[in-house]
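Novice: Pasting a structure below so you can have a look.
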Amino acid sequence: MIETFHIGLYAAALCIIIAFFSFIKESDDLHRLILTDLAAIMALFLIALVGTDLAEALILPGLVVAISKLMALSEVYIMKEGIRHNKENSVLDIEVLKSAPAILAAILVIYGIILSGFPGGAVAGVGIIFYLICKGHKERFELIETASGYAWVGWMLAFFIMIIIPSQWFLAMMLAGGAILLKVTAKLSLIGTMRGDNNV
Amino acid sequence: MFDLSIEGPELFVLPFGDIVPYFSTYTAALAGFVLVFITIAAISLPEKQVDIVFGGDAYVAKDIEPADTRFTRFMAVACGFATFGAVVTGDVFNFTLFAVMVGICNLGIVAASRNRHVLNAAFQYGLVALVASVPLFGSAAIILATTGTLSIWTLAGLGAVPLLAKILLILGVMGEGIAPLYIGKAEIIRAQGAPFVLMIHFSSLMIFLRVIEIVMVI
């Protein structure tokens with residue numbers, strides 16, 4: 001084990017020398033900021049090389065302080081260069097929330113349909129809330145209302161079937177399950193649109 | 001304690017698994033100083049600054065609102081607590097983490113100023129402090145790899161820690177605590193909330209005194 005540790009130590013030392021050499025060469029502040037992250041990763045690399053449970057437990061606090069320092073430094077850089085956004089659109093103005101919601105919402109909705117009934121509606125609704133919060137909702141608002149209305153009709157129809165033709169209970173139950181899925185989804189979706197825009 | 005002259009008599013020990021926080025006369029004195037300075041940072045009001053026109057007898061008095069220095073005061077108190085942790089802890093890795101936290105808080109104290117030159121200096125200091133985490137964590141990793149423990153209590157007096165690890169530890173703490181050099185350059189002494197800058201000097205001093213103790217003990 002200790003031989004492996006030494007080989008790893010040499011490799012890490014080589015990486016550190018390369019990282020520090022790039023510091024000497026680089027003069028742009030932003031690039032140097034990114035290079036410091038490389039150095040911080042090397043520090044974690046050194047701990048990870050030890051390869052015991054204790055070392056594993058030390059990685060996380062090390063990572064946390066390195067990241068918090070990097071964030072503080074980025075904030076100083078933004079202040080220093082005066083490159084803060086002129087207008088902040090929302091608190092959720094984050095890059096990943098523009099690219100990820102379609103996939104995540106699709107996964108949640110499909111999983112909700114598989115679950116069916118009230119929990120299914122809740123899961124699918126969370127997916128749609130997420131999508132609407134991230135993407136906006138201008139045209140989809142009416143669609144939700146329509147779906148909610150049809151779900152209400154389906155729900156009532158299921159009750160009538162239950163009461164009038166009790167032998168068809170399975171159909172009624174499936175209808176009610178599907179309807180309540182739609183209903184809960186629509187209700188939760190409305191939460192997603194409640195962001196104070198002018199058409200809500 | 002440990003039969004080492006630097007520590008003096010043992011005052012308090014908290015056996016807490018492998019990590020044993022302890023007070024010797026040395027660390028207790030440091031911890032007492034830190035508590036005094038935390039109190040000063042928490043209750044002091046920012047001074048009234050006076051800008052004097054050089055070569056004349058005109059001067060401008062600046063009133064600084066307490067709200068202007070709220071963030072700096074918070075950072076100064078946080079820096080005090082991080083220093084306290086670094087002084088009291090009985091674990092090498094916790095010491096390095098607290099040293100990094102002191103570095104972050106120092107950065108926060110300096111960065112609260114809106115002066116571009118001060119921010120520039122703070123940025124350069126932050127780069128050094130971040131890079132210093134390599135020798136700092138590297139030293140902890142080497143100590144762990146060679147001795148199998150990070151507890152100062154266990155390592156004390158054994159002399160098992162390699163010289164390289166000690167050198168790296170001091171180098172890392174130098175990188176984290178080198179802030180006074182930068183703020184000397186950065187005219188932050190004249191910026192808002194200047195009294196809190198004292199905390200940077202103070203924390204650096206305390207961290208250095210503690211790392212000297214650690215290096216001589218392990």
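The values are calculated or read from the model by the stated rules, or taken from the named source; none is laboratory data. The model shown is predicted, which means the values in this text are computed figures rather than measured ones. Please note: Cβ atoms are built from the backbone with ideal geometry, for glycine as well, and neighbour counts cover all protein chains shown. The protein model used for the area step is the full one, side chains on, heavy atoms only, and it has no ligands, DNA or RNA in it. Shrake-Rupley method; radii C 1.70, N 1.55, O 1.52, S 1.80 Å.
Novice: Among the residues of segment A:71-80, which ones are more than 7 Å from every other protein chain (Cβ to nearest Cβ) and either among the small types (Gly, Ala, Ser) or touching a residue at least 40 places away in the same chain (Cβ under 8 Å) (or both)?
Specialist: Within segment A:71-80, A:Ser74 is the sole residue that qualifies.
Novice: Would you be able to tell me the number of residues in segment A:46-65 that are open to solvent by 60 Å² or more (accessible area, probe 1.4 Å) and facing chain B (nearest Cβ under 7 Å)?
Specialist: So the count comes out to 1.
Novice: Any residue in segment B:117-137 that is more than 8 Å from every other protein chain (Cβ to nearest Cβ) sitting within a Cβ distance under 6 Å of a residue that is in a helix (DSSP H, G or I) and of a type in the set (Asp, Glu)? List the pairs, counting only those 6 or more apart or interchain.
Specialist: Taking only residues 6 or more apart or on different chains, the pairs are B:Ala132/B:Glu176.
Novice: Scan segment B:13-26 residue by residue and report those that are in a strand (DSSP E or B) and surrounded by fewer than 17 Cβ atoms within 10 Å (Cβ to Cβ). First the steps, then the outcome.
Specialist: First, pick out the residues of segment B:13-26 that are in a strand (DSSP E or B): B:13, B:16, B:19, B:22-24.
Those that are in a strand (DSSP E or B) and surrounded by fewer than 17 Cβ atoms within 10 Å (Cβ to Cβ): B:Val13, B:Phe16.
Novice: Follow-up. Which residues, counting only those in segment B:86-116, are facing chain A (nearest Cβ under 9 Å), within 20 Å of A:Ala55 (Cβ to Cβ) and among the hydrophobic types (A, V, I, L, M, F, W, C)? Before you say what the answer is, go through the steps one by one.
Specialist: Applying the first criterion (facing chain A (nearest Cβ under 9 Å)) to segment B:86-116 yields B:93-94, B:96-97, B:100-101, B:103-104, B:107-108, B:110-111, B:114, B:116.
Subset that is within 20 Å of A:Ala55 (Cβ to Cβ): B:93-94, B:96-97, B:100.
Hits for segment B:86-116 are B:Phe93, B:Leu97, B:Val100.
Novice: Right, another one. Any idea which of A:Ser27, A:Ser22, A:Ser68 is without any contact (Cβ under 8 Å) to a residue 60 or more places away in the chain and open to solvent by 60 Å² or more (accessible area, probe 1.4 Å)? Steps first, answer last, please.
Specialist: On the way: A:Ser22 fails: open to solvent by 60 Å² or more (accessible area, probe 1.4 Å); A:Ser68 fails: open to solvent by 60 Å² or more (accessible area, probe 1.4 Å).
Step by step, each of A:Ser27, A:Ser22, A:Ser68 is checked, and only A:Ser27 is without any contact (Cβ under 8 Å) to a residue 60 or more places away in the chain and open to solvent by 60 Å² or more (accessible area, probe 1.4 Å).
Novice: A further question on this structure: Need a quick list: helices (runs of 4 or more DSSP H) entirely within segment B:35-146 having at least 2 residues that are hydroxyl-bearing (Ser, Thr, Tyr) and out of contact with any Gly (no Cβ under 7 Å at 6 or more places or on another chain).
Specialist: Numbers: elements: B:70-88, B:92-111, B:116-131.
Filter on segment B:35-146 gives an empty set.
Novice: May I ask you to say which residue of B:Ala29, B:Ala67 is modelled with pLDDT under 75, out of contact with any strand residue (DSSP E or B) (no Cβ under 9 Å at 6 or more places or on another chain) and not charged (D, E, K, R)? Before you say what the answer is, go through the steps one by one.
Specialist: On the way: B:Ala29 fails: modelled with pLDDT under 75.
B:Ala67 is the lone residue from the list that is modelled with pLDDT under 75, out of contact with any strand residue (DSSP E or B) (no Cβ under 9 Å at 6 or more places or on another chain) and not charged (D, E, K, R).
Novice: Mind counting the residues in segment B:27-81 that are of a type in the set (D, E, K, R), without any contact (Cβ under 8 Å) to a residue 40 or more places away in the chain and buried (at least 18 other Cβ atoms within 10 Å of the Cβ)?
Specialist: The qualifying residues number 0.
Novice: Could you tell me which residue of segment B:156-172 is nearest to A:Thr52 (Cα to Cα), considering only residues that are surrounded by 20 or more Cβ atoms within 10 Å (Cβ to Cβ) and within 14 Å of chain A (Cβ to nearest Cβ)?
Specialist: Result: B:Ala165.
Novice: Which pairs have Cβ atoms under 8 Å, sit 6 or more apart or on different chains, and link a residue in segment A:82-106 that is within 30 Å of B:Val118 (Cβ to Cβ) to one that is at pLDDT 70 or above?
Specialist: That search, which allows pairs on different chains as well, returns A:Arg84/A:Ile78.
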